[in-house]
């Protein structure tokens, strides 16, 4: 494992390298954020952003989405993949928001993960981006980069999340999440990481490279 001072250097350098690191999903309100994070599973944020205008013009809130016509919704969601499952999830999700939460997105973890289509990552992103809570959401980029560079040494997404929460100061959780995502997208690729151009190359443990 990395020494504490080396970990701090890595986090500092990544934040300097990606000063604008933030959620790449565009949204107008908390409901749009929740839906778009739900839809982003196993696809790109660009794809999800691309269908948002049509989606929210037809279904602007949970009340409208809960009554969505299945075929029409699936047609809109087709570009993001797994569209049948995702259509089912966000209509069921909307119905729960309507019936249990008065159409509003809840701001606590347990309530969020009770919604259809919402797992740990989605709940943590919504709490972090939407409500300003310090959270570490572990997607494929965070899992790969954190374990590769040696911030943690875990075999599972859940283990990685818990280990990062222990290793990283809480006030840096959200910034660390965004920095790791950006580093994974821009430099530390899964198959061909650009180690020669990496700002933390001298500190990285390069596991699996």
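The values are calculated or read from the model by the stated rules, or taken from the named source; none is laboratory data. Everything numeric here is computed off the predicted structure, so don't read it as measured data. Every residue, glycine among them, receives a Cβ derived from its backbone with ideal geometry; neighbour counts consider all protein chains shown.
At-a-glance table
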item	result
Qualifying residue in the stretch 182-193 (condition: without any contact (Cβ under 8 Å) to a residue 24 or more places away in the chain, over 14 Å from the mean Cα position of the chain (by Cα) and assigned to a helix (DSSP H, G or I))	no
Residue within the stretch 7-14 that is within 20 Å of the chain's Cα centre (by Cα), part of a helix (DSSP H, G or I) and farther than 16 Å from residue 125 by Cβ present	yes
Residues being within 22 Å of residue 115 (Cα to Cα) and exposed (fewer than 13 other Cβ atoms within 10 Å of the Cβ) - total across the stretch 38-65	1
Set 122, 156, 174, 160: member being without any contact (Cβ under 8 Å) to a residue 24 or more places away in the chain and touching a helix residue (DSSP H, G or I) at 6+ places or on another chain (Cβ under 6 Å)	160
Residue check, residue 100 modelled with pLDDT of 95 or more, closer than 30 Å to residue 134 by Cα and either assigned by TED's automatic domain parsing to the domain that holds residue 181 or exposed (fewer than 14 other Cβ atoms within 10 Å of the Cβ) (or both)	yes
Number of positions in the stretch 16-40 that are in a helix (DSSP H, G or I) and without any contact (Cβ under 8 Å) to a residue 24 or more places away in the chain	1
Residue 89 vs. criteria in a helix (DSSP H, G or I), touching a helix residue (DSSP H, G or I) at 6+ places or on another chain (Cβ under 8 Å) and in contact (Cβ under 8 Å) with a residue 40 or more places away in the chain	yes
Sole residue being crowded, with 16+ Cβ neighbours inside 10 Å, at positive phi and at pLDDT 95 or above, chosen from 117, 130	117
Test for residue 127: is it part of a helix (DSSP H, G or I) and either more than 20 Å from the chain's Cα centre (by Cα) or not assigned by TED's automatic domain parsing to the domain that holds residue 40 (or both)	no
Some residue of the stretch 8-28 being farther than 30 Å from residue 199 by Cα, crowded, with 17+ Cβ neighbours inside 10 Å and in contact with a helix residue (DSSP H, G or I) (Cβ under 6 Å, 6 or more places away or on another chain)	yes
Selection status of residue 68, crowded, with 17+ Cβ neighbours inside 10 Å, touching a residue at least 12 places away in the same chain (Cβ under 8 Å) and either more than 23 Å from residue 181 (Cβ to Cβ) or over 22 Å from the mean Cα position of the chain (by Cα) (or both)	yes
Matching residues, the stretch 41-68, being part of a loop (DSSP other than H, G, I, E, B) and modelled with pLDDT of 95 or more	59, 60, 61, 67, 68
